[in-house]
Ligand SMILES: [Ca+2]
């Protein structure tokens, strides 16, 4: 019986090789993607760099994902033969697919760093030399003056990390990466964040319940180097029932204690690249997609601190749904990524409450006063009604005697505005022209 009970417990936790649990549609529902979309949070105009094995855009299209592709700003290491955007279907294509769950209209930059052939004295050394070049390239993109009105936001997805301390110089060695904030790659990560990029890293797959084989049994303090930088969002993994997957790395992190920061959904059937979009490798781009969706409405403006990467991180962390022990914990960070509070904060707060409750009142206002509904107007984002006859709307209004005072006042205000405008036009048909005061002969 004891053995049976153990098997039952084991079967409830997702491990490497477990079958997928749920699909990308499940994740779409969990992230309230339709609500994001109706608010215009689709990632449109937002660049998302997939720092990975390369992306295959036509495969993404065949899977129903049609993000933009920025070939000019894509990049590959000099030792690589991959063609950005046309890479063999692999890990990077899975990541791009998962970004598109919450940000279907984003623009993908293929940064094919993981195809590097460069070697060094340690597993990490040669790789990190190219990682620095990749990040320098991303810095140049942020430094380039965009067109007026262009969304300058850049989200950087990193579903990679080192698996074992033997891949690195020992802690204390001047070349050490894992614990050394002064390592040039850790430094450039900070520089890129200061320049305005939202950088996300996977927490890694060395969680103690069922670590990836490459962890070689090391499951404590496995969030190494940039994955644990204070300037990035470090993403743990939960399944589509919000249960932590057994391989998701547990904090604390090496460079900063409180890692991971947040959990993303993983181990679902999605891109079709593998049987499951798994690992913290999938949790990370799912979360990057949410950041890209936010950035549609909160584009980077380097002179506005409310749009800084740290402000976006705070927003994400405060909106997360707490899991496990109350408050921040080393298994889930602040909890699983959640969009509801962001939808409330970013979408609804931009619109007066009366318009949220009774959109048609404001749609009529926009019909008569389009200037109220332009980008900077108090009713920005509301589309004017296409109706020409208000009487049916009026009838509908009076058919319901249950209206509260707020609604009645709002409705009256709308009618009065319409009325006063009509009166002004009738009284002075020339009001649109410059008046002749007759005072200067
Ligand atoms: Ca918690």
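Things to note:
- A protection proxy built from the mean count of other Cβ atoms within 10 Å ranks the segments 206-213, 392-399, most packed first, as 206-213, 392-399.
- Distance distribution P(r), the range 85-160, all Cα-Cα pairs, bin width 5 angstrom from 0: 3, 12, 21, 20, 21, 14, 6, 2, 1, 0 percent.
- Set against the 2.2 N^0.38 Å expectation for a compact globular protein, the range 191-237 has a Cα radius of gyration ratio of 1.32.
- Only DSSP H runs of four or more residues enter the estimate; each adds -39500 (n - 2.57), and after division by the residues of the chain the mean residue ellipticity at 222 nm equals -10500 deg cm²/dmol.
- Counting all C-alpha pairs of the range 260-309, share separated by more than 15 Å (%): 55 percent
- Radius of gyration and Dmax over the Cα atoms of the range 47-200, both given in Å: 15.8, 48
- Rg over Rh [alpha-carbon atoms, Kirkwood Rh] for the range 11-347: 0.93
- Antiparallel DSSP beta bridges within the chain, as percent of all bridges there, nearest 5: 15 percent
- Put simply, the Cα atoms of the range 173-300 extend 43, 39, 25 Å along their principal axes, the longest span coming first.
- Peptides 298-306, 251-259 ordered by packing proxy, namely the average of other Cβ atoms within 10 Å per residue, highest first: 251-259, 298-306.
- Sorted peptide list for 275-281, 261-267, 221-227, 74-80, criterion being average Cβ within 10 angstrom, highest first: 261-267, 221-227, 275-281, 74-80
Each value in this text was obtained by applying a stated rule to the coordinates, not by laboratory testing. Keep in mind that this is a model prediction, so the values were computed, not measured. Heads up, the Cβs are rebuilt from the backbone with ideal geometry, glycines too, and the neighbour counts pull from every protein chain shown.
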